[in-house]
Amino acid sequence: MSLRETLYPKVEPIANAIVSSLKAQGISPTQLTLAGAALSFLTGILYAKGYLFLGGIMLFVAGAADLLDGLLARTTGKTSSFGAFLDSVVDRYSDFFVFAGLATYFIRSGDIFWFFVTLGILLGSVVISYTKARAENFIKNCGVGIFGRSERILLLIAGTLVSPLLKFVLLVLLVGTHATAIQRILHTKKILAETSRD
């Protein structure tokens with residue numbers, strides 16, 4: 001079970017109240033998805049300028065928008081395959097904005113090692129997404145792995161709100177993202193092998 005699935009029941013009443021308010025204001029799921037991307041872009045700018053704490057708060061708000069757009073779509077009856085596709089694509093842009101901002105912060109600080117660590121996390125995030133999308137052309141589901149997007153975002157929020165934890169969090173994210181990509185590769189290999197034997 002993913003962190004998102006674990007945490008969501010605990011915040012469901014709050015989420016439902018927010019979604020009801022958004023629905024009453026006529027905000028669409030697509031608008032909320034794009035607003036989340038805009039907030040992620042602002043997060044990247046804050047990180048690049050060294051405002052890590054403010055960036056962490058902004059990323060929390062952006063993450064909340066990402067959590068709520070699907071619920072808003074279901075509540076308003078506007079779920080669609082294209083909406084799910086768009087949400088996934090926008091998430092990739094959002095990840096780039098956030099980690100590019102953090103990488104810029106390290107370059108400006110002269111921390112070349114941590115610049116490359118951040119780029120490594122960004123690469124791992126892209127490969128996680130790609131392996132799932134590509135694998136699901138051949139198998140039914142490849143959403144396995146210890147570090148889904150929710151886990152990555154929550155860890156980065158914690159690392160930038162409590163800045164002494166940041167570099168430790170980045171190392172965890174570096175290992176975790178690539179470990180998750182490998183998990184998905186091995187999972188796909190296993191399922192395809194089992195299918196070929198049937």
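Quick notes on this structure:
- Most mobile listed residue (Ala135, Ala103, Ala17) in the chain, GNM with C-alpha springs under 10 Å: Ala17
- With the helix formula -39500 (n - 2.57) applied to DSSP H stretches of n ≥ 4, the chain reaches a computed 222 nm mean residue ellipticity of -29500 deg cm²/dmol.
- Of the cross-linked pairs Lys49/Lys167; Lys78/Lys140; Lys23/Lys132, those separated by over 27 Å at the C-alpha level are Lys23/Lys132.
- Relative contact order, whole percent, for segment 125-198 stands at 43, derived from Cα pairs under 8 Å and 6 or more residues apart.
- Volume of the Cα convex hull of segment 3-197, divided per residue and given in Å³: 117 Å³
- Averaging the sequence gap over all C-alpha pairs within less than 8 Å and six or more residues apart, then dividing by the number of residues, gives segment 3-197 a relative contact order of 23 percent.
- Comparing Cα centroids, segment 167-187 and segment 30-86 end up 23 angstrom apart.
- Whole-Hz couplings from phi, Karplus 6.51/-1.76/1.60, listed for segment 18-28; x for Gly and Pro: 5, 5, 4, 5, 5, 5, 5, 8, x, 7, 8
- For the pair Val11 and Ile45, label points projected 7 Å from Cα toward Cβ lie 2.4 nm apart.
No value in this document is a laboratory result; all are computed from the given coordinates. Owing to the predicted nature of the structure, the values given are computational and were not obtained by experimental measurement. No Cβ is skipped: glycine too gets one built from the backbone with ideal geometry, and neighbour counts run over all protein chains shown.
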